[in-house]
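The values are calculated or read from the model by the stated rules, or taken from the named source; none is laboratory data. The model shown is predicted, which means the values in this text are computed figures rather than measured ones. Backbone-built Cβ (ideal geometry, glycine too); neighbour counts: all protein chains shown.
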Amino acid sequence: MRGAPVSLRRRLVLWLLALAAGLALLLFLTIRTVAGQAAEASLDGVLGAATLAIAEGLRGGEDGVELDMPYSAFSILGSISEDRVFYRIDVAGETVTGYPDLPAPNETSEGVGPAFYTSPYRDTEVRVAAVSRTVLVERSPVPVLVLVAQTRAGQEAIALSVARRAGLLGLGFFALAAVLSLLTAGSVLRPIDRLAEAVARRGPRDLRPVNHPTPRELVPLLDALNGLINRLRGALARTETFIAEAAHHIRTPLATVRTRAEIALRQAETDETRETLRRVIRAVEESSRSASQLLDHATVVYRSDRLAADQVDLARLIDGLADRFAPTAELKDLNLVTEGTAEPVAVPGDRLLLESALRNLIDNAIKYSPSESEVILCLGRREGGVEITVADRGRGLQGQTQSSLSRRFTRGKNVDDVVGSGLGLTIVEEVATAHKGRFGLEDREGGGTCARLWLPSA
């Protein structure tokens, strides 16, 4: 079984949305990372400035190292965030003030700027700035290490705030990208939709090449479509020619055979020869009728999808068919009556198909009607359309349904003695369907059959 058709629009939109989601995620991660680094750099600058301010307050004297603690440095740290601040000052490897358990750096190197590192401390994580200085005490160099640490809650708060804004920016970017994806998919696929509309607007008989402006990528599709139309036009032309030639080449020899058989029947001298020739004539009649109806059925099938958009005058058509069948009706002493044909009654449709359907209805009514009876052809308006009724006093349906009698090559159980092919009602029903009409069969009150063909007026 063939799976569900793939939607190019859905596939294109999904790919664009996936790309937009990836770009939005990348944008969020980039802003989050850069913001975190910027916040860390900013806080490191303030922390380093406070450490350098403390280190610049170191003085050497005869009694040791003196420190004028600049408490303004701690005020600067407190003004940025509410983080806790720790400090430690080591002189010659011994802590002289501050928190002695504050982690010292693994390596100390005396330089102008502070060294920064992150370390766990007291169930939290702190950012530490370390500055090494050498102070002269009694003309001897004494190493001094200044450590200032600050918890990272402020930095994390800044990073979280930036992350939220980055998330909102990413969502906004994704929403904008989703709208643009829908617009892009519609714009990309619009030429295909326009091409489909141009082809769909064509009538069933319009087999011209499609000459519609299309993008360069659709040119191969357009060429393939025009190639298919060209092959289809050729195939339909060959089919139509074959049907016409087959009708001529089959009917003419059969008519010749029947004529010669009738002449031979009149000249026959024995009963056995006459019986044989009668059987030949009957077989020729059956073959001729079957061939004619097969060709009529092929014509109906061929033209059903390519109906001619004509205005068919049903009154004139019925009168013409009544005149054509009048000699046959007279041979059986039948009275062929037409009603409702005094004024033109036009419907849109294919004249050839409608004539074929009515011809089969009238032929059936005459074939199955007893001598000295009446066949009524009635034309009238009904339910916003036109209804043609063909009523006879024949054998009736005999309990059989219309669906069974309308099947191809199916005939009633009570008509074996009458020449027929079982295609007449099939042709009528297919013509009704092709014209969006209805066909019905019912038993006629008092005996016989009533066939109704309803066709829409517009």
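For the stretch 75-84, the criterion of being more than 23 Å from residue 36 (Cα to Cα), surrounded by fewer than 14 Cβ atoms within 10 Å (Cβ to Cβ) and either at pLDDT 80 or above or in contact with a Pro (Cβ under 7 Å, 6 or more places away or on another chain) (or both) is met by no residue.
If you take the residues of the stretch 195-231 that are closer than 24 Å to residue 350 by Cα and part of a loop (DSSP other than H, G, I, E, B), which of them is nearest to the chain's Cα centre (by Cα)? Filtering the stretch 195-231 for residues that are closer than 24 Å to residue 350 by Cα and part of a loop (DSSP other than H, G, I, E, B), the one nearest to the chain's Cα centre (by Cα) comes out as 201. Restricting 119, 161, 181, 140 to residues that are surrounded by 16 or more Cβ atoms within 10 Å (Cβ to Cβ) and either of a type in the set (Ser, Thr, Tyr) or within 60 Å of the chain's Cα centre (by Cα) (or both) narrows the list to 181.
Looking only at residues of the stretch 114-157 that are of a type in the set (D, E, K, R) and free of Cβ contacts under 8 Å to residues at least 40 places away in the same chain, we find that the one that is farthest from residue 91 (Cα to Cα) is 156.
Does the stretch 54-67 contain any residue that is loosely packed, with under 14 Cβ neighbours inside 10 Å, touching a helix residue (DSSP H, G or I) at 6+ places or on another chain (Cβ under 8 Å), assigned by TED's automatic domain parsing to the domain that holds residue 133 and small (Gly, Ala, Ser)? Looking for residues that are loosely packed, with under 14 Cβ neighbours inside 10 Å, touching a helix residue (DSSP H, G or I) at 6+ places or on another chain (Cβ under 8 Å), assigned by TED's automatic domain parsing to the domain that holds residue 133 and small (Gly, Ala, Ser), one finds none in the stretch 54-67, hence no. For the stretch 166-184, state whether one or more residues are under 30 Å from residue 85 (Cβ atoms), part of a helix (DSSP H, G or I) and not assigned by TED's automatic domain parsing to the domain that holds residue 41. Scanning the stretch 166-184, I find at least one residue that is under 30 Å from residue 85 (Cβ atoms), part of a helix (DSSP H, G or I) and not assigned by TED's automatic domain parsing to the domain that holds residue 41, so the answer is yes.
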